Each structure stands twice: as structure tokens, then as C-alpha cells.
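The values are calculated or read from the model by the stated rules, or taken from the named source; none is laboratory data. Since this is a predicted model, take the numbers as computed values, not measurements. Here the Cβ positions follow ideal geometry from the backbone for every residue, glycine too, while neighbour counts run over all protein chains shown.
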Amino acid sequence: MIEQITYLVKRGYSLKGQGVMTIKPIQKGEIVSALNFDSIRSEGTETEMSVQGGIKDFIDNSNDTIDNYFNHSCNPNMRLRLSHHYDFQAIREIKVGEELTWNYLTTEYDLTKTKEDFFCRCGSRNCYGQIKGFKYLTKDQKLELWNHLSAFLKTKI
Ligand SMILES: [Zn+2]
């Protein structure tokens, strides 16, 4: 487990329910939070609180830590790193009061298998609408996400 770097965050309300807003500015490249996980299951199944590390690798993240409240956005301000580091990194400058978000499509291959696909209301101009998983994106959409993709999804283009 890597060391948790503490940022001042609070739980607030967003359009999607509970979310996390920053109460201090965050610079591009800063580590916002560790991914706090219980275990990595290499023959696992997906759950609502897991993230995907490989075709059958699911990282269980069911403990009640702040990173469980980071919502999806199609125009996120963080990325989730799943190799070498397990953490959320700011991919642009984040202002006070902004919700901390990442793009679930950069780690999740197929959310429909567990009926976790959902209709996104992030409000960004490039919103994907129905979020079903990386598998369902067009080739161009997949390539646009390249810099933030998990190593596993990079093998799926
Ligand atoms: Zn969206």
C-alpha cells in the first residue's frame, strides 16, 4: 500500500449524488489520492466498488475511503493510474470548489456485464451519453483516451 497523501477534500452534492469537491487548488500532475484497495483478485468478478486492472483482474475497493466517492466525468480532472502506482493524479489544474472526477471508460472494459452501465449527466460538451465501457467506444474515441488508459485497455484498441 502506498502512502496516502492527504488533501483537504469534503463530500458534497453533485448532480450525480455524493461527490468530492476540493477545498484547495490542485496543480496538474499532483497526486490527489491513493487508490485505497483491499485486494486484487486475479480470477475475479466485477462489483460496483471494483475497478478493472486486467481481463479478469478486479481491484476491490469497498472500504469507505474518499476515493470511493470520485464520480465519473467525460471531461475529468484526474486519471486513475493502475500500474506501478495506484493513485488518482490531476491531469489539469483543479480549482477550489471543483468536483474531483475521472473517466471510468479509461479502466472499465464492459460495464454492461454487471449492469453497471449508466447514462452520464456530466454536462460536458464531449459527453459520451450512455457509459457502457471502453469496448463500446469508436476507434477514434479509444485513441483520444490513450494517455489516460490503463495498461490493460491499451491492449484492447
Ligand atoms: Zn458525460
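Couple of notes before you dig in:
- In the range 114-125, of all residues being modelled with pLDDT of 90 or more and either more than 16 Å from ASN75 (Cα to Cα) or more than 7 Å from the ligand (Cβ to nearest atom) (or both), the one that is surrounded by the fewest Cβ atoms within 10 Å (Cβ to Cβ) corresponds to ARG125.
- Condition check for ASP38 on (1) at pLDDT 65 or above; (2) of a type outside the set (Ser, Thr, Tyr); (3) in contact with an Asp or Glu (Cβ under 6 Å, 6 or more places away or on another chain): one failure, at (1).
- Within the range 91-113, the set of residues being more than 15 Å from the ligand (Cβ to nearest atom) and outside any loop (DSSP other than H, G, I, E, B) comprises ILE94, THR112, LYS113.
- For the range 82-113, a residue qualifies if it is more than 20 Å from TYR136 (Cβ to Cβ), among the charged types (D, E, K, R) and crowded, with 19+ Cβ neighbours inside 10 Å, and the qualifying residues are ASP87, GLU99.
- Selection from the range 123-157 of residues that are hydrophobic (A, V, I, L, M, F, W, C) and within 21 Å of LEU35 (Cβ to Cβ): ILE131, PHE134, LEU145, TRP146, LEU149, ALA151, PHE152, LEU153
- For the range 128-148, filtered to residues that are of a type in the set (A, V, I, L, M, F, W, C) and within 15 Å of the chain's Cα centre (by Cα), the residue that is nearest to the ligand (Cβ to nearest atom) is ILE131.
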